[in-house]
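Trainee: Have a look at the structure that comes next, please.
The values are calculated or read from the model by the stated rules, or taken from the named source; none is laboratory data. These numbers were taken from a predicted model, which means no experiment stands behind them. Neighbour counts run over all protein chains shown; Cβ positions are idealised from the backbone, glycine included. Surface areas here come from the heavy atoms of the whole protein model, side chains and all, with no ligands, DNA or RNA. Shrake-Rupley method; radii C 1.70, N 1.55, O 1.52, S 1.80 Å.
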Amino acid sequence: MRSILVTGGAGFLGSHLCERLLDRGDDVICVDNFFSGKKRNIMHLMGNPRFEVVRHDIVRPIFLEVEQIYNLACPASPAAYQYNPIKTIKTSTNGVINMLGLAKRCQARLLHASTSEVYGDPEVHPQTEDYWGHVNPLGPRSCYDEGKRVAESLCMNYHLTHDLDVRIVRIFNTYGPRMAPDDGRVMANFINQALRDEPITIYGDGGQTRSFCYVDDLVEGMIRMMDQEESIGPVNVGNPIETSIKELAEMILEIMGSKTELIFEDLPADDPRRRCPDITRARQLLQWEPKVELRQGLVNTIAYYRQLMEDNAVIRRKGSAGAWGKPQ
Ligand code: NAD
Ligand code: UDP
């Protein structure tokens, strides 16, 4: 039994991680400012005496005693992280410094949730961890991409300077139950648009690709990375099967038996054309690879959103792009 801090623990990935850690017997402190996280994601954990929730923004210091820190706090949807870009940068810089400082004081191990966005619009395909990336430092995605790149640099420099025990995972597009229906990311948009019989908004011609990993697989990869002793990373964690956005839309409609139309809107600036992880390192180091096929993951995710609608939970709407609007 360990004492573990999960920042961003009320978010999509964080809530699944908290649940898994509690299930195996750990004490879990969830720190979240509820910017994009939701209380409903962690409601079912509230009665557990080994679970604590602290409403706190990691941009400010916090004093806790823990043995491990999973640092997930940061909005992940392009629309959400562009809503207040300076805050997004602060979360990945000041916030990460605070969490690294906490790890240093507690002599805790810190795993940082980095992202495939550090590769930008990649010129190397599939992306290996030694690829340095192709990021526009001034574009609308830069607050997130460059923030996450600085965060990796901070982790590495705390490791080199203070011998801090860090782990870096680069997460590729992950989906599943508990991604907020108004999150703005493609899975949430497409499925909820189909549920509401609204047109499916494909940005660009839909030929751009992503590689979609189911949340259970991703959480397993993160925990394995945290609990191994061999490498600080970075390690790509994601599903290496690439799907175009148009194919994704068609698959969702086919599974749902929906006849709603596809409409094509302008592609947001700097939207990466292709993205696919090379997971050789994760396979070798973690003996990990994704198990859940896209079709099965979609069935689970659709069932979750359908239930949420039936439960009359609030699905906030601001046009079909969700709560944050469409990314620039
Ligand atoms: P999410 O938006 O659902 O969760 C992020 C959580 O962090 C939310 O609960 C939010 O309220 C909280 N948060 C944001 N800023 C904070 C701050 N300053 N202080 C405290 N809490 C704060 O997104 P997610 O998909 O669960 O992503 C979790 C992490 O994984 C993020 O760091 C993200 O960059 C990374 N990641 C996710 C994906 C993915 O496909 N889901 C891909 C790459 C990287
Ligand atoms: N996308 C889309 N329609 C939407 C939302 C997203 O076509 O309603 C596209 C988006 O332009 C991108 C891909 O889907 O090419 C994945 O977008 P998402 O926001 O989920 O994550 P990203 O990988 O871009 O960070």
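Trainee: Determine, yes or no, whether E117 is touching a helix residue (DSSP H, G or I) at 6+ places or on another chain (Cβ under 6 Å), of a type in the set (D, E, K, R) and at pLDDT 95 or above.
Mentor: Numbers: touching a helix residue (DSSP H, G or I) at 6+ places or on another chain (Cβ under 6 Å): yes; of a type in the set (D, E, K, R): yes; at pLDDT 95 or above: yes.
In short, yes.
Trainee: Related question: Does the range 213-242 hold any residues that are within 14 Å of P126 (Cα to Cα), under 14 Å from the mean Cα position of the chain (by Cα) and within 14 Å of ligand 2 (Cβ to nearest atom), and which are they?
Mentor: The answer is G238, N239.
Trainee: Just one of the numbered conditions (1) more than 8 Å from ligand 1 (Cβ to nearest atom); (2) open to solvent by less than 40 Å² (accessible area, probe 1.4 Å) is not true of R50; which one?
Mentor: The failed condition is (2).
Trainee: Does the range 105-113 contain any residue that is within 29 Å of L267 (Cα to Cα) and not charged (D, E, K, R)? If you could, list the steps in order and put the result at the bottom.
Mentor: Initial filter on the range 105-113 (within 29 Å of L267 (Cα to Cα)): 113.
Pick out the ones that are also not charged (D, E, K, R) and you get 113.
Yes, the conditions are met somewhere in the range 105-113.
Trainee: Do the conditions hold for G297, that is, is it modelled with pLDDT of 95 or more and either at positive phi or within 16 Å of ligand 2 (Cβ to nearest atom) (or both)? Let's see the steps before the verdict.
Mentor: Values: modelled with pLDDT of 95 or more: yes; either at positive phi or within 16 Å of ligand 2 (Cβ to nearest atom) (or both): yes.
For G297, the condition - modelled with pLDDT of 95 or more and either at positive phi or within 16 Å of ligand 2 (Cβ to nearest atom) (or both) - is met.
Trainee: Follow-up. Looking only at residues in the range 173-197 that are closer than 14 Å to E250 by Cα and near ligand 2 (Cβ under 8 Å from one of its atoms), which one is most open to solvent (accessible area, probe 1.4 Å)?
Mentor: V186
Trainee: Of all residues in the range 146-172, which are without any contact (Cβ under 8 Å) to a residue 40 or more places away in the chain and either open to solvent by less than 50 Å² (accessible area, probe 1.4 Å) or not in a helix (DSSP H, G or I) (or both)?
Mentor: D163
Trainee: Kindly provide the set of residues from the range 1-43 that are of a type in the set (K, R) and without any contact (Cβ under 8 Å) to a residue 60 or more places away in the chain, ordered by number.
Mentor: Residues of the range 1-43 of a type in the set (K, R): 2, 20, 24, 38-40.
R24, K39 - these are the residues of the range 1-43 that are of a type in the set (K, R) and without any contact (Cβ under 8 Å) to a residue 60 or more places away in the chain.
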